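Asks: The structure's right below; bear with me while I get my questions together.
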Ligand SMILES: [Zn+2]
Ligand SMILES: [Zn+2]
């Protein structure tokens, strides 16, 4: 059992094998499910409901106890309207961004059960958020969006101000399934402090790894994932047979997610994880390079996790065959690239 570092719940975080076993059926309608309502997202809620109210039983399947995403969003909107957080006449499009708790590309509207949704929303008050989590069973957590939607959550660079959303109610831990031809991993993210990644971006990253593998630059190699975030690229590189992967980030929430993701995926990666220093007392943004954890397979170290600035990491890493630099789109990676080009010709800016 893995305790959730955010809510402390025993069921919030599941081992990767459990998630992957169930994910392909997780959001499919069962044979008894009522048909998809197919609601127009611009139409005011009252018009969609034809004078009815919405509660936890609205369009609830009596067999699988799940509801269509549209109905869950309508229920959230009804609570927002009650609190005055949305104008009368608002449609579903104005509720916010729904993120399914276990994200993977699906081609159909999902059916949601208990705790299957984390909602990212602007203009929502804390008491409204608490009420949404209390009354809408499918909503696991409500995260307040702060600032411009285009601005990524996290830190641009170790010298910059962090941009964080605010967890208003419930828990914001959710996962995405990372997929390559060589296997799948489950990557958890505390979504109020970690960049929200959509399938297209994740697909692009996995393609980069596939290309490196084709070029013989992954299996048996030493790979640095220098701005690793929750660890998607680095952990996938371990799965794809890298000899050793060095994961590094200067953002403490990212490192805490990496540590969690090593635990979640340790069966798939066939590693034992050793935590070397507690992260709780560390600053939010790291500077000095600190080795916080190590993962090993037998007597071989397969992954090391460092907290600190990617420039300083170059002082403590001797061998490096490939360095991956995954910055925000608005960042200029040229200074960092120059530092790592002294170590290896294979510096890949994602
Ligand atoms: Zn949790
Ligand atoms: Zn059903």
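The values are calculated or read from the model by the stated rules, or taken from the named source; none is laboratory data. A quick note: this is a predicted structure, and the numbers were derived from the prediction, not measured. Quick reminder, even Gly has a Cβ in these numbers, built from the backbone with ideal geometry, and neighbours come from all protein chains shown.
Asks: Looking at region 1-18 only, could you name the residues that are buried (at least 17 other Cβ atoms within 10 Å of the Cβ) and touching a helix residue (DSSP H, G or I) at 6+ places or on another chain (Cβ under 8 Å)?
Replies: Selection gives 5, 13, 14, 15, 16.
Asks: Does region 69-87 contain at least one residue that is more than 16 Å from ligand 1 (Cβ to nearest atom) and modelled with pLDDT under 95?
Replies: Taking every residue of region 69-87 in turn, none turns out to be more than 16 Å from ligand 1 (Cβ to nearest atom) and modelled with pLDDT under 95.
Asks: Follow-up question, since we're still on this one. Residue 114: within 16 Å of ligand 1 (Cβ to nearest atom) and out of contact with any strand residue (DSSP E or B) (no Cβ under 8 Å at 6 or more places or on another chain), yes or no?
Replies: It is true that residue 114 is within 16 Å of ligand 1 (Cβ to nearest atom) and out of contact with any strand residue (DSSP E or B) (no Cβ under 8 Å at 6 or more places or on another chain).
Asks: Moving to a separate point now. Among the numbered conditions (1) touching a helix residue (DSSP H, G or I) at 6+ places or on another chain (Cβ under 7 Å); (2) within 16 Å of ligand 1 (Cβ to nearest atom); (3) at pLDDT below 95, tell me where residue 105 comes up short.
Replies: With respect to (1) touching a helix residue (DSSP H, G or I) at 6+ places or on another chain (Cβ under 7 Å); (2) within 16 Å of ligand 1 (Cβ to nearest atom); (3) at pLDDT below 95, residue 105 is out only on (2).
Asks: Here is a further query. Taking the condition of being buried (at least 22 other Cβ atoms within 10 Å of the Cβ) and either farther than 20 Å from residue 226 by Cβ or within 16 Å of ligand 2 (Cβ to nearest atom) (or both), how many residues in region 154-169 meet it?
Replies: 2
Asks: Ok, one more. May I ask you to list the residues in region 150-166 that are farther than 21 Å from residue 12 by Cβ and either outside any loop (DSSP other than H, G, I, E, B) or in the same structural domain as residue 95 (by TED's automatic domain parsing) (or both)?
Replies: Answer for region 150-166, where residues must be farther than 21 Å from residue 12 by Cβ and either outside any loop (DSSP other than H, G, I, E, B) or in the same structural domain as residue 95 (by TED's automatic domain parsing) (or both): 154, 163.
Asks: So if I check each of 126, 137, which one is within 16 Å of ligand 2 (Cβ to nearest atom) and farther than 23 Å from residue 326 by Cα?
Replies: When all the criteria are applied, what remains is 137.
Asks: Which one of these is in the same structural domain as residue 254 (by TED's automatic domain parsing) and in contact (Cβ under 8 Å) with a residue 40 or more places away in the chain: 208, 124, 136?
Replies: Only one candidate passes the filter, namely 208.
Asks: In addition: Given the structure, is residue 84 closer than 20 Å to residue 134 by Cβ, assigned by TED's automatic domain parsing to the domain that holds residue 132 and without any contact (Cβ under 8 Å) to a residue 60 or more places away in the chain?
Replies: Yes: the conditions hold for residue 84.
Asks: Going through 270, 318, 243 one at a time, which residue ends up being exposed (fewer than 15 other Cβ atoms within 10 Å of the Cβ) and closer than 23 Å to residue 342 by Cα?
Replies: One residue alone meets the criteria, 318.
Asks: When residues of region 1-18 are filtered for being part of a loop (DSSP other than H, G, I, E, B), more than 10 Å from ligand 1 (Cβ to nearest atom) and touching a residue at least 24 places away in the same chain (Cβ under 8 Å), how many remain?
Replies: 2
Asks: Just need a number here: residues in region 19-29 that are surrounded by 13 or more Cβ atoms within 10 Å (Cβ to Cβ) and either part of a loop (DSSP other than H, G, I, E, B) or out of contact with any strand residue (DSSP E or B) (no Cβ under 7 Å at 6 or more places or on another chain) (or both).
Replies: 3
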